[in-house]
1. Here is a check on your reading of the model: is D110 charged (D, E, K, R) and farther than 25 Å from V46 by Cα?
2. Can you find a residue in the range 10-25 that is within 16 Å of G158 (Cβ to Cβ) and either within 21 Å of the chain's Cα centre (by Cα) or among the hydroxyl-bearing types (S, T, Y) (or both)?
3. Yes or no: the range 98-120 includes at least one residue that is closer than 30 Å to M29 by Cα and not aliphatic (A, V, I, L, M).
4. For the range 134-142, does any single residue satisfy the condition of being open to solvent by 50 Å² or more (accessible area, probe 1.4 Å) and assigned to a loop (DSSP other than H, G, I, E, B)?
5. Just one of the numbered conditions (1) open to solvent by 60 Å² or more (accessible area, probe 1.4 Å); (2) modelled with pLDDT of 90 or more; (3) touching a helix residue (DSSP H, G or I) at 6+ places or on another chain (Cβ under 9 Å) is not true of W28; which one?
6. Could you please tell me which pairs satisfy a Cβ distance under 7 Å, a separation of 6+ or placement on different chains, a first residue in the range 147-171 that is farther than 24 Å from E30 by Cβ, and a second residue that is modelled with pLDDT under 85 and open to solvent by less than 60 Å² (accessible area, probe 1.4 Å)?
7. Return the pairs, sorted by first residue and then second, in which the second residue is in a loop (DSSP other than H, G, I, E, B) and open to solvent by less than 10 Å² (accessible area, probe 1.4 Å), the first residue lies in the range 60-77 and is closer than 14 Å to K41 by Cβ, the beta carbons are less than 9 Å apart, and the residues are 6+ apart or on different chains.
Amino acid sequence: MGETFRVILLIALTAAFLTTGLLLLSWWMEPLRRLKRTLIKTLGRVADIEALSPAQGRAAGLDMQEGQIAILWRNGGFGLVYAADEVDGAEIIVDGHVVSRAVRGRMRKDFDIDIPDAEQVTLRLMFADSGNPEFELALWDVVQTTPTGSPAEALRLGRRWLSHIEGLMRL
């Protein structure tokens, strides 16, 4: 009887340790955490502004101090870092229509609209790179889970990105 109890207790403890280990691994590899961790590692510091889309497995981070922007895809498995002179501009796209744009050498076009029932808000970053000339990131999507809680919040984040991109292009 005592030996059976020890075996059952050993099996239960092993199962508890394995479950805890798998839960910790799952938490560590969660897409949002993984993207944030990879952005910090890629830029070498916490980004001044970041946009994350865990459902797409994409992220972008901007470091104004070093004058660089990092983009990641495939949950941080792949990425590129661009210097300030390689950034051509950015756009905010709502339901397939460009609502705001900041492009190198031109004045910023900002349309003062608020779309509370938008189905998708996308940030498009444009680069002077023939291999990867643009990078799109969903800030809000009705279908996919995004860190922004509403289309209005996504538009605010997009406008912050445009302001930072303009500042980066002036460097």
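The values are calculated or read from the model by the stated rules, or taken from the named source; none is laboratory data. What you are looking at is a predicted structure, and each value in this text was computed from that prediction instead of being measured. Every residue, glycine as well, gets a Cβ built from its backbone with ideal geometry; the counts of neighbours run over all protein chains shown. Please note that ligands, DNA and RNA were not included when accessible areas were found on the heavy atoms of the full protein model with its side chains. Shrake-Rupley method; radii C 1.70, N 1.55, O 1.52, S 1.80 Å.
1. Considered against the rule, which asks whether it is charged (D, E, K, R) and farther than 25 Å from V46 by Cα, D110 comes out as yes.
2. Looking through the range 10-25, none of the residues is within 16 Å of G158 (Cβ to Cβ) and either within 21 Å of the chain's Cα centre (by Cα) or among the hydroxyl-bearing types (S, T, Y) (or both).
3. yes
4. Yes, the conditions are met somewhere in the range 134-142.
5. Looking at each condition in turn, W28 falls short on (2).
6. As it stands, the answer is P151/I115, since those pairs meet every condition given.
7. Every condition considered, the pairs that remain are L72/G57; N75/G57; G76/G57; G77/G57.
To keep it simple, each residue is scored yes or no on (1) surrounded by 16 or more Cβ atoms within 10 Å (Cβ to Cβ); (2) more than 27 Å from W27 (Cβ to Cβ).
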residue: R45; (1), (2): no, no
residue: G76; (1), (2): yes, no
residue: L80; (1), (2): yes, yes
residue: M126; (1), (2): yes, yes
